[in-house]
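K.L.:
Right, I'll just put the structure down here and ask away after.
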Amino acid sequence: MGLLDYETYIIDEKLLVLRNTLIIRSEREEEIGRAVAKFPFSWREMKLYDAGGNLVGIVKEKFLSLRGIYTLHDYTGYHIATVKEKLFTLRPMYWIEDRRGNVIYNLKGDVLRRKFEVRDADEKTVARATRKLLSLKDNYKLELLGMNPLLALLTVIAVHMNILRHRATA
């Protein structure tokens, strides 16, 4: 099975590496992909690869923005969607826009604690991300309930990049 053929993913942060890396595993703990930062010690851009080392998607942070804005691209560089963070809220709020700027999904829940749902315009849950308890590194369990796997994986990577961005500036 390929990277985008699963309904549940385990996403683990790899510690003590030069280039920031997220390991993507199946429920059976098989490594099926990884997201790697383009530059050492940077979260400005991450590339998603399958187990064979083939590029699957790219997440890019918008440069010089007050809020977190991340563009999501497929392996050809085609812009799929944008993840945006709302400014000046007590709890971070995110939404996903299509290429034309229409809101297609909202993230609901506690994003900082890595427990949130992705909901469509009808408020139907299409994906759920939860954090494993008692762990030094960041990790997620991503369950797909109807959302495109590539869009869901890239969204979780974008949210993770934004959380690390906030940590670095705090």
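K.L.:
Output wanted: per-residue J couplings in Hz (rounded whole) for the stretch 59-69, from phi through Karplus 6.51 cos²θ - 1.76 cosθ + 1.60, θ = phi - 60°, x for Gly and Pro.
P.N.:
Using θ = phi - 60°, the values come out as 10, 10, 7, 6, 6, 6, 10, 5, 10, x, 10 Hz.
K.L.:
For residue 105, which sequence-distant residues (separation of 5 or more, or a different chain) have an amide H within less than 5 Å of its own amide H, given hydrogens modelled in the peptide plane?
P.N.:
96
K.L.:
How big is the charge dipole of the chain about its Cα centre, in debye rounded to the nearest 20, if each Lys and Arg gets +1 on its Cβ and each Asp and Glu gets -1 on its Cβ? It would help to have the intermediate numbers written out before the result.
P.N.:
Working: 29 positive and 22 negative charges, 162 e Å.
It comes to approximately 780 debye.
K.L.:
Which entries of 84/108; 115/141; 38/62; 38/86 show an alpha-carbon separation above 18 angstrom in the structure shown? Display every interim value, and only then the final one.
P.N.:
Details: 84/108 13 Å; 115/141 9 Å; 38/62 15 Å; 38/86 26 Å.
Going by Cα-Cα distance, 38/86 fall outside the 18 Å limit.
K.L.:
Using the number of other C-beta atoms within 10 angstrom as an exposure proxy, rank 161, 93, 1 with the fewest first. Before the final figure, lay out the partial values.
P.N.:
On the way: 161 24, 93 14, 1 9.
Taking fewest neighbouring Cβ atoms as first place, the list is 1, 93, 161.
K.L.:
If you don't mind, there's one more thing I want to ask. Once the piece of chain linking residue 63 and residue 102 is laid out straight, how much longer is it, given 0.36 nm per residue of separation minus the C-alpha distance between them? Write out the running numbers ahead of the final one.
P.N.:
On the way: separation 39, 0.36 × 39 = 14.04 nm, distance 2.14 nm.
Length gained between residue 63 and residue 102: 11.9 nm.
K.L.:
From the helices alone, meaning DSSP H stretches of at least four residues, give me the mean residue ellipticity at 222 nm for the chain, per-run term -39500 (n - 2.57), in deg cm²/dmol to the nearest 500. Mind dumping the intermediate values first?
P.N.:
Values: 1 runs with 21 residues, N = 170.
Here the helix-only value at 222 nm equals -4500 deg cm²/dmol.
K.L.:
Still on this structure, I have one more. May I ask you to work out the translational diffusion coefficient for the stretch 3-169 at 25 °C, viscosity 0.890 mPa s, via Stokes-Einstein with Rh from the Kirkwood sum over Cα pairs, reported in whole µm²/s? List each step's numbers first, then the result.
P.N.:
On the way: Rh = 15.8 Å.
For the chosen part, D equals 155 µm²/s.
K.L.:
So if we plug the beta-carbon distance of residue 145 and residue 51 into 1/(1 + (r/R0)^6) with R0 = 22 Å, what FRET efficiency do we get, rounded to 0.05?
P.N.:
Step by step, r from the Cβ atoms, then E = 0.35.
K.L.:
Which far-off residues, 5 or more places away or on another chain, put their amide H under 5 Å from the one on residue 6, with H placed in the peptide plane?
P.N.:
It is none; the list stays empty.
K.L.:
Still on this structure, please answer the following. How much length, in nm to one decimal, is gained on full extension between residue 93 and residue 28, taken as 0.36 nm per residue of separation minus their Cα-Cα distance?
P.N.:
Working: separation 65, 0.36 × 65 = 23.40 nm, distance 3.18 nm.
Length gained, residue 93 through residue 28: 20.2 nm.
K.L.:
In whole Å, what is the distance between the alpha-carbon centres of the stretch 136-161 and the stretch 36-86?
P.N.:
So the two Cα centres are separated by 13 Å.
K.L.:
Turning to a different aspect of this structure: Under 5 Å between amide H atoms, partner at least 5 residues away or on a different chain: which partners does residue 56 have, H built in plane at 1.01 Å?
P.N.:
48, 49, 50
K.L.:
Follow-up. Between residue 15 and residue 115, what is 0.36 nm times their sequence separation minus the Cα-Cα distance? Round to one decimal in nm.
P.N.:
Numbers: separation 100, 0.36 × 100 = 36.00 nm, distance 2.12 nm.
Contour length minus Cα-Cα distance gives 33.9 nm.
K.L.:
Would you mind telling me which residue in 121, 37, 81 has the biggest mean-square fluctuation in a Gaussian network model of the chain, where springs connect alpha carbons within a distance under 10 angstrom?
P.N.:
Of the options given, 121 has the highest mean-square fluctuation.
No value in this document is a laboratory result; all are computed from the given coordinates. Model, not experiment: these values are computed from the prediction. As a convention, Cβ positions derive from the backbone with ideal geometry for all residues, glycine included, and neighbour counts pool all protein chains shown.
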